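Scroll down for the structure; my scribbles are underneath it.
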Amino acid sequence: MKKLKITALLAVLAFSPFYANVLTADAPSIVKMVADAIKWKSESIDVGNIPQGKPKLIRFEFTNTSSKPIIIQNVAPSCGCTTADYTKTPIQPGKKGFVEASYNAAAVGPFMKTVNVTTSDSKTPKTLSFKGVVAS
């Protein structure tokens, strides 16, 4: 039994240098590369107090930090009280684009709304949010 333990330990030590070089710590991860394709100025905006029944425009700006053009493919507000607009042309590397949400508050009180944005660099939508308080 002692001989088996020693053999197993030697086998682990023998192969350790090989596996240590397979995965380097400084290799860029795919997740980081995808996350860096678009740099949002802000992903969440607090609009504070807004009047009831008067639309409020919320603008989310971003920069294309990738090396290829990015196209906004879909913008989906979370409810019918919010409409959206966005940059319709391809956003070239280093250039800025936007997503705008127009919120028409019917009910008095606090609110939080979201807008899901799908781009050509990722099929997973990015969720942008805004919140505030509707005053009468």
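Bear in mind that the values in this text are calculations on the coordinates, not laboratory data. Please read all numbers here as calculations on a predicted model, not as lab measurements. All Cβ positions, glycine included, derive from the backbone under ideal geometry; neighbour counts span all protein chains shown.
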Using alpha carbons only, how many angstrom separate the centre of the range 44-62 from the centre of the range 95-136?
9 Å
Three-way shape label, the range 67-114, alpha-carbon gyration tensor, a/c 1.5
prolate
With each label point set 7 Å from Cα along the Cα-Cβ vector, what nm distance links S136 and K41?
3.5 nm
Report, in debye and to the nearest 20, how large the dipole of the range 33-132 comes out about its Cα centre when Lys and Arg carry +1 and Asp and Glu carry -1 on their Cβ.
100 debye
Hey, got a sec? Which trypsin sites (Lys or Arg not before Pro) in the range 55-107 land in a DSSP loop and have at most 16 other Cβ atoms within 10 Å?
K88, K95
Once fully extended, how much extra length lies between N74 and E100, figured as 0.36 nm per residue of separation less the alpha-carbon to alpha-carbon distance?
8.1 nm
